[in-house]
Ligand SMILES: Cc1cc2nc3c(=O)[nH]c(=O)nc-3n(C[C@H](O)[C@H](O)[C@H](O)COP(=O)(O)O)c2cc1C
Ligand code: SF4
Ligand code: SF4
Ligand code: FES
């Protein structure tokens, strides 16, 4: 290895080796390999400092800690926070214990979720829908009443549906980090925790609208777009304008030739690339206000991409997972030159991969 | 009589005052430590003593101290965990209330050993009167030159701060405690980094339980080897046990580790036996978080030997037939106790106290409580028992802090050892919901 380059670490995830820089987390390394190997993340949000560790959706098993100390880690670890070591071997969906734990996390997150997707504006671009589709069961074992909350009005722009919240704390970090004067975000404890009314105070802030984009579910939605349409009937277009407050780089969502919603741009992991101001988001909805750049690159996980949801959709399988290393969807700019594939014995792979329509035993 | 280290002078009238405590040999450890020992020597003695953390996890205290990072120019902190909120545990409360100077002396010696110039005692918020006792004792010690600037002319400064807790069980978890101490919401932190590297205000910090810190004075005075000679094997020294439940003499007892469980329950020196006319059914040996054991397994190991009050013996057999010493909350149940109801009660506690950060604990604790509530109230289904086991498994080990485990273990162990009783509740709902109804089927009562 040349002295000038930083020493790269090699980590193997589900049989695919990848070289990454020191300090990279398992999740980031897996994302480098590709979408089929990347663990789901419901709370981690790369642009937000301190996020992650809460939802436990990204749990993986570390089968070998490093070349130096190849012992396995005793518990499943949150891949979004665990830094890779050289020679680490990670099992994601190839480990039945991980598959089982993740199944449990879906179940926990849906336990008190109202499942009101038919009337939820987030439907179609909801991380929880995707997570449940990929890792959950179609049935529930929960018989009790779901929890409810007093309705709270948090201002003219943002609609809070506390019942849909999964307490990922993303909006809290957003408010802390990109808006001023907001320290405490969650009130109450345990399953009675709720997003606090302090948002009402932060609402005059120019950047408060970004909590809508970071929210993985429909707990925070855009009041100016409320019930206007369904995501899959709209057409996203990248556009920009000269904005005195923010970068002015947005995605416009069209129905016909009418802009019905403005959001920040997101990368393929559904993370905002640049936060935008409230004026761009809520007040600037005429095509003439914008310089159109062209159609938005549709990420593979989006409901807009063809055949995302089909009951008979083939689940990640051995061959496909290996193919992930080379697999590049259209517009995918990942650098796959640092990947190499190791053939794992078949018994290392989960016997029971989650299935969308699995009957209760 | 067994050796008393912490409670030797606890019944001396006026021991809560500086003067009486001093007459009984108090604060000699501070004199010895500050005048004749280096910090490293103290750490070495504590290591030799082999004393293990008394807050629940049982991590060797000397080892924890030696992990403390010591970067130049960064302050280090010692924080005493006096948040004691585990159901069944009330020993720290007892110690602080009766002999506050023992903790303060320990804090001075320990802070000196760790190079901390500002240390904190985080006391459960409900115990305002104990906080006042501690503050009074600190003022006394300060007036006598044992706290403040240049203690006893040694050049060492120490400020001791008592902080009332935020009123939540979770604030006893060390990283939640640090968050709370910093004035934030008491959410546990993700680890690593551990407090020894990044603790209070992101500075290296040691968090220790009241009882752990209180042992240090004796260790300084008598030497680590003398301490290690007490107890059994790697369970050195004495332990305060908070004994409660259906026994003749509940209370706080200081025992030498290694005492047989049987002696502790039946001898007059300690619990004095099961309350008259009743039989021993089950035991929670170390606070509500540890697995419950039926009477026979509480008294004897799987191989027939007597079970002892020690870290190793109580955990012998793993969770299949063993439990944990935990924080020493010893709760005894006789045959009139309904295990289902008790499990539901514990479960209710954890549901109420979950901080709500991570999904398995936030959602799972509530779910288990609701299912247990249903079974207890005669609405259980056949599949509920397996459901509870499965939910507990999906929480265990998958959470940020050990509260998730603490919520899962009591449920899993109650079902492991008392499954018939749960089944009876489901099969005979009418009978089981009669006032005072308890399962009387086959079980090992002692
Ligand atoms: C939910 C929870 C509550 C806890 N409560 C306490 C407590 O009240 N007092 C305590 O000393 N330790 C408590 N602990 C253990 C602490 O996290 C920590 O291990 C302990 O204070 C370390 O001190 P020790 O090494 O002297 O035992 C708790 C742990 C958890 C997970
Ligand atoms: S409102 Fe949305 S972003 Fe905020 S905590 Fe809930 S789910 Fe997360
Ligand atoms: S395990 Fe429970 S108490 Fe601990 S951090 Fe998670 S939700 Fe909070
Ligand atoms: S994404 Fe890692 S715990 Fe939520």
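So the values come out like this:
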read-out	value
Proxy reagent accessibility, fewest Cβ within 10 Å first, across B:369, B:312	B:312, B:369
Estimated 222 nm signal from helices in chain B, with DSSP H stretches of n ≥ 4 weighted -39500 (n - 2.57), rounded to 500	-12000 deg cm²/dmol
Percent antiparallel among DSSP beta bridges (both partners in chain B, rounded to 5)	50 percent
Degrees, to the nearest 10: B:359-376 long Cα axis against longest axis of chain B	50 degrees
Order by protection proxy (mean Cβ within 10 Å, highest first), peptides A:79-88, B:75-84	B:75-84, A:79-88
Nearest 10 degrees, 0 to 90: helix B:384-395 Cα axis against chain B principal axis	30 degrees
P(r) weight above 44 Å for the protein assembly as shown, C-alpha pairs, percent	35 percent
Rounded to 10°, Cα long-axis angle of helix B:128-143 versus longest principal axis of chain B	20 degrees
Global form of segment A:112-309, assessed from the alpha-carbon gyration tensor, a/c cut-off 1.5	oblate
Fraction of alpha-carbon pairs over 41 Å apart in chain B - percent	18 percent
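A short reminder: the numbers here are calculations on the coordinates, not readings from a lab. No experiment lies behind these values; they were computed from the predicted model shown. No Cβ is skipped: glycine too gets one built from the backbone with ideal geometry, and neighbour counts run over all protein chains shown.
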